[in-house]
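A.B. asks: Got a structure for you, questions after.
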Amino acid sequence: MEPMLQDKFKLAGIKHQDADNVSRSGLSFWQDVMTRFYKNKLAMIGLVLLIGLVFMAIFGPHMTGHDYRTNNLSQKNLAPSAEHWFGTDDLGRDVFTRTWEGARISLLIGVSAALIDLLIGVIWGGIAAYRGGRTDEVMMRFADVLYGVPYLLLAILFMVVLGQSLTTMILAMTITGWINMARIVRGEVLSLKNREYILAARTLGAGMSRIMRKHLIPNTMGPILVTMTLTVPTAIFTESFLSYLGLGLSPPLASWGTMASDGLPAIKYYPWRLFFPAAFICLTIFAFNVIGDGLRDALDPKLRK
(Lines give C-alpha, C1' and ligand atoms only; values in the text may rest on other atoms or scores of the structure.)
Protein backbone atom coordinates (compact mmCIF):
# COMPACT_ATOMS: atom_id res chain seq x y z
CA MET A 1 0.00 0.00 0.00
CA GLU A 2 1.33 3.40 -0.95
CA PRO A 3 2.31 5.35 2.16
CA MET A 4 0.33 8.50 2.91
CA LEU A 5 2.20 11.67 2.10
CA GLN A 6 2.17 14.48 4.63
CA ASP A 7 1.77 17.20 1.99
CA LYS A 8 -1.59 15.78 0.90
CA PHE A 9 -3.11 16.94 4.20
CA LYS A 10 -1.97 20.55 4.26
CA LEU A 11 -4.62 23.26 4.74
CA ALA A 12 -4.77 24.64 1.22
CA GLY A 13 -4.92 28.43 1.10
CA ILE A 14 -5.40 28.84 4.84
CA LYS A 15 -2.83 29.98 7.35
CA HIS A 16 -2.30 27.68 10.27
CA GLN A 17 -3.12 30.42 12.79
CA ASP A 18 -6.48 31.02 11.02
CA ALA A 19 -7.47 27.37 10.77
CA ASP A 20 -9.68 27.51 13.87
CA ASN A 21 -11.79 30.24 12.30
CA VAL A 22 -12.95 27.86 9.56
CA SER A 23 -15.01 25.72 11.91
CA ARG A 24 -18.11 26.94 13.68
CA SER A 25 -20.15 25.64 16.58
CA GLY A 26 -22.98 23.28 15.69
CA LEU A 27 -26.62 24.28 15.96
CA SER A 28 -28.61 23.35 19.03
CA PHE A 29 -31.66 21.14 18.62
CA TRP A 30 -34.16 24.02 18.64
CA GLN A 31 -31.96 26.18 16.39
CA ASP A 32 -31.91 23.30 13.92
CA VAL A 33 -35.70 22.94 14.19
CA MET A 34 -36.32 26.64 13.60
CA THR A 35 -33.89 26.70 10.67
CA ARG A 36 -35.84 23.87 9.03
CA PHE A 37 -39.12 25.61 9.86
CA TYR A 38 -38.03 28.89 8.29
CA LYS A 39 -37.11 27.04 5.09
CA ASN A 40 -40.68 25.73 4.80
CA LYS A 41 -42.31 28.34 2.54
CA LEU A 42 -45.88 27.22 3.22
CA ALA A 43 -45.33 27.33 6.99
CA MET A 44 -43.86 30.83 6.69
CA ILE A 45 -46.90 31.95 4.70
CA GLY A 46 -49.09 30.61 7.51
CA LEU A 47 -46.96 32.39 10.14
CA VAL A 48 -47.14 35.73 8.31
CA LEU A 49 -50.87 35.28 7.83
CA LEU A 50 -51.38 34.52 11.52
CA ILE A 51 -49.34 37.57 12.55
CA GLY A 52 -51.49 39.69 10.25
CA LEU A 53 -54.70 38.29 11.76
CA VAL A 54 -53.48 38.95 15.31
CA PHE A 55 -52.45 42.50 14.32
CA MET A 56 -55.90 43.19 12.90
CA ALA A 57 -57.59 41.65 15.95
CA ILE A 58 -55.70 44.15 18.12
CA PHE A 59 -56.01 47.27 15.99
CA GLY A 60 -58.84 46.52 13.53
CA PRO A 61 -61.77 47.52 15.79
CA HIS A 62 -60.28 51.03 16.12
CA MET A 63 -59.66 51.72 12.43
CA THR A 64 -63.09 52.97 11.33
CA GLY A 65 -64.45 54.83 14.34
CA HIS A 66 -67.56 52.63 14.47
CA ASP A 67 -68.60 50.77 17.59
CA TYR A 68 -69.23 47.05 17.17
CA ARG A 69 -72.33 47.03 19.40
CA THR A 70 -74.13 50.24 18.35
CA ASN A 71 -77.34 49.70 16.37
CA ASN A 72 -78.34 52.04 13.55
CA LEU A 73 -81.43 50.71 11.78
CA SER A 74 -81.34 53.49 9.20
CA GLN A 75 -78.13 51.95 7.81
CA LYS A 76 -78.96 48.25 8.02
CA ASN A 77 -77.72 45.77 5.38
CA LEU A 78 -75.62 48.32 3.49
CA ALA A 79 -73.18 46.89 0.95
CA PRO A 80 -69.41 47.40 1.45
CA SER A 81 -68.46 51.03 0.81
CA ALA A 82 -65.93 53.70 1.75
CA GLU A 83 -67.85 54.36 4.97
CA HIS A 84 -68.49 50.73 5.89
CA TRP A 85 -65.64 48.66 4.43
CA PHE A 86 -67.34 45.31 5.00
CA GLY A 87 -70.91 46.64 4.88
CA THR A 88 -73.42 46.54 7.73
CA ASP A 89 -75.65 43.86 9.25
CA ASP A 90 -79.41 43.71 9.87
CA LEU A 91 -79.08 46.05 12.88
CA GLY A 92 -76.93 48.59 11.07
CA ARG A 93 -73.72 47.59 12.88
CA ASP A 94 -70.41 47.93 11.05
CA VAL A 95 -69.33 44.46 9.87
CA PHE A 96 -65.64 45.41 9.60
CA THR A 97 -65.51 46.45 13.25
CA ARG A 98 -67.49 43.41 14.35
CA THR A 99 -65.28 41.09 12.29
CA TRP A 100 -62.14 42.14 14.12
CA GLU A 101 -63.87 42.33 17.47
CA GLY A 102 -65.01 38.80 16.72
CA ALA A 103 -61.43 37.84 15.88
CA ARG A 104 -60.44 38.73 19.44
CA ILE A 105 -63.15 36.45 20.85
CA SER A 106 -62.50 33.56 18.46
CA LEU A 107 -58.73 33.65 18.95
CA LEU A 108 -59.18 33.97 22.71
CA ILE A 109 -61.42 30.89 22.74
CA GLY A 110 -58.99 28.90 20.59
CA VAL A 111 -55.82 29.84 22.46
CA SER A 112 -57.43 29.49 25.91
CA ALA A 113 -58.76 26.04 25.05
CA ALA A 114 -55.31 24.99 23.81
CA LEU A 115 -53.60 26.25 26.98
CA ILE A 116 -56.08 24.48 29.26
CA ASP A 117 -55.66 21.29 27.22
CA LEU A 118 -51.91 21.72 27.58
CA LEU A 119 -52.04 22.16 31.35
CA ILE A 120 -54.39 19.25 32.06
CA GLY A 121 -52.91 16.95 29.42
CA VAL A 122 -49.30 17.43 30.47
CA ILE A 123 -50.07 16.87 34.16
CA TRP A 124 -52.37 13.89 33.55
CA GLY A 125 -50.24 12.14 30.94
CA GLY A 126 -46.97 12.90 32.70
CA ILE A 127 -48.09 11.51 36.06
CA ALA A 128 -49.68 8.43 34.48
CA ALA A 129 -46.52 7.55 32.55
CA TYR A 130 -44.08 8.35 35.33
CA ARG A 131 -45.94 6.44 38.03
CA GLY A 132 -46.78 3.54 35.73
CA GLY A 133 -48.43 0.35 36.94
CA ARG A 134 -51.90 0.57 38.41
CA THR A 135 -51.85 4.38 38.53
CA ASP A 136 -51.23 4.53 34.79
CA GLU A 137 -53.91 1.95 34.08
CA VAL A 138 -56.62 3.68 36.16
CA MET A 139 -55.87 7.17 34.86
CA MET A 140 -55.78 6.18 31.21
CA ARG A 141 -58.90 3.98 31.45
CA PHE A 142 -60.77 6.98 32.85
CA ALA A 143 -59.51 9.06 29.93
CA ASP A 144 -60.58 6.36 27.46
CA VAL A 145 -64.11 6.23 28.93
CA LEU A 146 -64.44 10.01 28.76
CA TYR A 147 -63.06 10.03 25.22
CA GLY A 148 -65.73 7.53 24.18
CA VAL A 149 -68.50 10.07 24.84
CA PRO A 150 -69.21 12.20 21.72
CA TYR A 151 -67.31 15.45 22.07
CA LEU A 152 -69.92 17.74 20.52
CA LEU A 153 -72.71 16.17 22.59
CA LEU A 154 -70.84 16.99 25.79
CA ALA A 155 -70.10 20.52 24.60
CA ILE A 156 -73.76 21.12 23.71
CA LEU A 157 -74.91 19.72 27.07
CA PHE A 158 -72.39 21.91 28.85
CA MET A 159 -73.63 25.06 27.09
CA VAL A 160 -77.29 24.22 27.76
CA VAL A 161 -76.79 23.50 31.46
CA LEU A 162 -74.38 26.33 32.35
CA GLY A 163 -75.63 28.98 29.96
CA GLN A 164 -74.11 30.84 27.03
CA SER A 165 -71.04 32.80 28.10
CA LEU A 166 -67.40 33.15 27.12
CA THR A 167 -66.20 31.17 30.12
CA THR A 168 -68.68 28.37 29.49
CA MET A 169 -67.66 28.25 25.82
CA ILE A 170 -63.98 27.85 26.73
CA LEU A 171 -64.72 25.16 29.31
CA ALA A 172 -66.94 23.31 26.82
CA MET A 173 -63.98 23.08 24.46
CA THR A 174 -61.78 21.41 27.07
CA ILE A 175 -64.13 18.73 28.49
CA THR A 176 -62.40 16.04 26.47
CA GLY A 177 -59.94 18.12 24.44
CA TRP A 178 -57.10 17.48 26.89
CA ILE A 179 -57.19 13.71 26.36
CA ASN A 180 -55.26 13.75 23.08
CA MET A 181 -52.56 15.89 24.71
CA ALA A 182 -52.41 13.51 27.69
CA ARG A 183 -51.92 10.49 25.40
CA ILE A 184 -49.11 12.20 23.48
CA VAL A 185 -47.31 13.29 26.67
CA ARG A 186 -47.75 9.84 28.20
CA GLY A 187 -46.20 8.14 25.17
CA GLU A 188 -43.24 10.53 25.14
CA VAL A 189 -42.61 10.21 28.88
CA LEU A 190 -42.79 6.40 28.69
CA SER A 191 -40.02 6.46 26.07
CA LEU A 192 -37.85 8.81 28.13
CA LYS A 193 -38.26 7.84 31.77
CA ASN A 194 -35.77 4.95 31.66
CA ARG A 195 -33.04 6.92 29.89
CA GLU A 196 -29.67 7.20 31.63
CA TYR A 197 -29.98 10.86 32.57
CA ILE A 198 -33.36 10.24 34.20
CA LEU A 199 -32.00 7.33 36.18
CA ALA A 200 -29.03 9.48 37.20
CA ALA A 201 -31.37 12.22 38.42
CA ARG A 202 -33.29 9.67 40.49
CA THR A 203 -30.06 8.36 41.95
CA LEU A 204 -29.11 11.88 43.02
CA GLY A 205 -32.41 12.19 44.88
CA ALA A 206 -34.48 14.27 42.46
CA GLY A 207 -38.21 13.93 43.01
CA MET A 208 -40.91 13.36 40.43
CA SER A 209 -41.87 17.03 40.12
CA ARG A 210 -38.28 18.14 39.52
CA ILE A 211 -37.61 15.38 36.98
CA MET A 212 -40.82 16.26 35.17
CA ARG A 213 -40.00 19.99 35.09
CA LYS A 214 -36.30 19.79 34.31
CA HIS A 215 -35.98 16.71 32.11
CA LEU A 216 -39.15 15.02 30.86
CA ILE A 217 -41.46 17.88 29.85
CA PRO A 218 -38.73 19.95 28.11
CA ASN A 219 -37.88 16.90 25.99
CA THR A 220 -41.50 16.45 24.92
CA MET A 221 -42.04 20.07 23.85
CA GLY A 222 -41.85 19.24 20.15
CA PRO A 223 -45.00 17.06 20.01
CA ILE A 224 -46.69 19.34 22.54
CA LEU A 225 -46.21 22.44 20.34
CA VAL A 226 -47.44 20.63 17.24
CA THR A 227 -50.55 19.42 19.07
CA MET A 228 -51.27 22.92 20.39
CA THR A 229 -51.12 24.49 16.93
CA LEU A 230 -53.71 21.96 15.76
CA THR A 231 -55.92 22.41 18.85
CA VAL A 232 -56.53 26.13 18.28
CA PRO A 233 -58.28 25.79 14.87
CA THR A 234 -60.33 22.86 16.19
CA ALA A 235 -61.63 25.03 19.02
CA ILE A 236 -62.41 27.92 16.64
CA PHE A 237 -64.31 25.57 14.33
CA THR A 238 -66.23 24.05 17.26
CA GLU A 239 -67.23 27.51 18.47
CA SER A 240 -68.51 28.31 15.00
CA PHE A 241 -70.53 25.09 14.90
CA LEU A 242 -72.07 25.73 18.34
CA SER A 243 -72.97 29.25 17.21
CA TYR A 244 -74.65 27.79 14.12
CA LEU A 245 -76.77 25.66 16.46
CA GLY A 246 -77.77 28.78 18.39
CA LEU A 247 -75.49 28.01 21.34
CA GLY A 248 -72.96 30.74 20.70
CA LEU A 249 -72.14 33.81 22.74
CA SER A 250 -74.93 36.07 23.92
CA PRO A 251 -75.33 39.53 22.26
CA PRO A 252 -73.77 42.04 22.04
CA LEU A 253 -70.60 39.91 22.07
CA ALA A 254 -69.41 39.03 18.60
CA SER A 255 -67.34 36.10 17.37
CA TRP A 256 -66.75 34.80 13.88
CA GLY A 257 -69.07 31.92 14.67
CA THR A 258 -71.98 34.10 15.80
CA MET A 259 -71.48 36.43 12.81
CA ALA A 260 -71.48 33.52 10.37
CA SER A 261 -74.60 32.11 12.02
CA ASP A 262 -76.39 35.46 11.74
CA GLY A 263 -75.25 35.95 8.13
CA LEU A 264 -76.23 32.54 6.81
CA PRO A 265 -80.00 33.22 6.45
CA ALA A 266 -79.21 36.42 4.53
CA ILE A 267 -76.66 34.92 2.13
CA LYS A 268 -78.92 35.31 -0.91
CA TYR A 269 -79.42 39.07 -0.61
CA TYR A 270 -76.57 40.22 1.69
CA PRO A 271 -73.70 37.76 1.10
CA TRP A 272 -71.04 39.98 2.69
CA ARG A 273 -72.50 39.29 6.12
CA LEU A 274 -71.49 35.63 5.82
CA PHE A 275 -68.49 35.96 3.51
CA PHE A 276 -66.14 37.96 5.75
CA PRO A 277 -66.41 35.97 9.03
CA ALA A 278 -66.39 32.66 7.14
CA ALA A 279 -63.35 33.71 5.10
CA PHE A 280 -61.37 34.62 8.20
CA ILE A 281 -62.34 31.39 9.95
CA CYS A 282 -60.91 29.50 6.96
CA LEU A 283 -57.75 31.63 6.84
CA THR A 284 -57.10 31.15 10.56
CA ILE A 285 -57.59 27.39 10.38
CA PHE A 286 -55.29 27.27 7.34
CA ALA A 287 -52.60 29.33 9.11
CA PHE A 288 -52.54 27.18 12.23
CA ASN A 289 -52.63 23.92 10.27
CA VAL A 290 -49.70 24.80 8.01
CA ILE A 291 -47.71 26.07 10.99
CA GLY A 292 -48.40 22.79 12.77
CA ASP A 293 -47.40 20.78 9.71
CA GLY A 294 -44.24 22.87 9.36
CA LEU A 295 -43.26 22.23 12.97
CA ARG A 296 -43.98 18.52 12.58
CA ASP A 297 -41.75 18.31 9.49
CA ALA A 298 -39.00 20.27 11.24
CA LEU A 299 -39.13 17.94 14.23
CA ASP A 300 -39.29 14.70 12.21
CA PRO A 301 -35.97 12.89 12.78
CA LYS A 302 -36.32 11.10 9.45
CA LEU A 303 -35.76 14.43 7.71
CA ARG A 304 -32.52 15.12 9.54
CA LYS A 305 -29.25 14.58 7.74
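A.B. asks: Just to make sure I understand: if all protein chains stay in place, what is the order of LEU249, LEU73, LEU166 by accessible area at 1.4 Å, largest first?
C.D. replies: Listed by decreasing accessible area, they come as LEU73, LEU166, LEU249.
A.B. asks: Turning to a different aspect of this structure: In whole angstrom, note down how far apart the Cα centers of the range 176-201 and the range 33-104 are.
C.D. replies: Centre-to-centre distance over Cα atoms comes out at 40 Å.
A.B. asks: A follow-up question, please. Over the heavy atoms of MET221, what accessible area does a 1.4 Å probe trace out, to the nearest 10 Å²?
C.D. replies: 60
A.B. asks: Please work out how much accessible surface PHE158 shows to a 1.4 Å probe, ignoring ligands, DNA and RNA, in Å² rounded to 10.
C.D. replies: Spelled out: PHE158, probe radius 1.4 Å, area about 60 Å².
A.B. asks: With a 1.4 Å probe and all protein chains in place, put TYR151, TYR269 in order of accessible area, largest first.
C.D. replies: Largest accessible area first, the list is TYR269, TYR151.
A.B. asks: Taking 7 Å along the Cα-to-C-beta vector as the label spot, tell me the ILE45-PHE59 distance in nanometres, rounded to one decimal.
C.D. replies: With each label placed 7 Å out from Cα toward Cβ, I get 2.4 nm.
A.B. asks: Right, another one. Using 0.36 nm per residue, how much length does the chain from SER81 to TYR269 gain when fully extended, once their Cα-Cα distance is taken away?
C.D. replies: In short, 66.1 nm is gained.
A.B. asks: Could you check the spin-label model distance between VAL111 and PHE286? Points 7 Å from the Cα along Cα→Cβ, value in nm.
C.D. replies: 2.2
A.B. asks: Could you work out the relative contact order of the chain, using alpha carbon pairs under 8 angstrom and six or more residues apart, expressed as a whole percent?
C.D. replies: 23
A.B. asks: Here is a further query. Would you list, by chain and number, the aspartates and glutamates whose Cα falls below 17 Å from the Cα of LYS214, excluding same-chain residues fewer than 8 positions away?
C.D. replies: Straight-line reach from LYS214, under 17 Å: GLU188, GLU196.
A.B. asks: Another question about this same structure. Per residue and in cubic angstrom, what volume does the convex hull of the Cα atoms of the range 163-272 have?
C.D. replies: 125
A.B. asks: Now for a different question. Rounded to the nearest 500 deg cm²/dmol, what is the calculated helix-only ellipticity per residue at 222 nm for the chain, with -39500 (n - 2.57) per DSSP H run of length n ≥ 4?
C.D. replies: Taken over the chain, the calculation gives -20500 deg cm²/dmol.
A.B. asks: Round to the nearest 0.05 the FRET efficiency obtained for SER209 and SER250 when R0 = 41 Å and r is the Cβ-Cβ distance.
C.D. replies: The value I calculate is 0.50.
A.B. asks: Let me check I've understood the local charge: for ILE58, count other residues with C-beta under 14 angstrom from its C-beta, Lys and Arg +1, Asp and Glu -1. What total comes out?
C.D. replies: Around ILE58, the charge tally is 0.
A.B. asks: Right, here's the next one. Which whole-number percent is the relative contact order of the range 194-275 (Cα, under 8 Å, 6+ apart)?
C.D. replies: Reported relative contact order: 15 percent.
A.B. asks: Quick check: with the 1.4 Å probe, what order do THR234, THR168 take by accessible area, largest first?
C.D. replies: Greatest to least solvent exposure: THR234, THR168.
A.B. asks: Further question: Tell me the net charge near SER255. Cut-off is 9 Å between Cβ atoms, SER255 excluded, with +1 for each Lys or Arg and -1 for each Asp or Glu.
C.D. replies: Charge balance near SER255 sits at -1.
A.B. asks: May I pose another question? Let me check the size of the range 207-305 from its C-alpha atoms; what are the radius of gyration and Dmax in Å?
C.D. replies: 19.2, 65
A.B. asks: Next question, about the same structure. So how much slack lies between PHE142 and ASP300, counting 0.36 nm per residue of separation and subtracting their Cα-Cα distance, in nm?
C.D. replies: My answer for the length gained is 53.8 nm.
A.B. asks: For THR203, tell me the accessible area in Å² from a 1.4 Å probe, rounded to the nearest 10.
C.D. replies: Here the residue's solvent-accessible area equals roughly 120 Å².
A.B. asks: List every residue whose amide H lies under 5 Å from the amide H of ASN72, counting only residues 5 or more places away in sequence or on a different chain, with H placed 1.01 Å from N in the peptide plane.
C.D. replies: Here GLY92, ARG93 satisfy the definition.
A.B. asks: Determine the sum of side-chain charges near TYR269: Lys and Arg each +1, Asp and Glu each -1, restricted to other residues whose C-beta is under 13 angstrom from that of TYR269.
C.D. replies: In short, +1.
The values are calculated or read from the model by the stated rules, or taken from the named source; none is laboratory data. In this text the structure is predicted, and so the values were computed from the model without any measurement. When we count neighbours, we look across all protein chains shown, and the Cβ atoms used for this are built from the backbone with ideal geometry, even at glycine. In case anyone asks, the SASA skips ligands and DNA or RNA and just uses the protein heavy atoms, side chains included. Shrake-Rupley method; radii C 1.70, N 1.55, O 1.52, S 1.80 Å.
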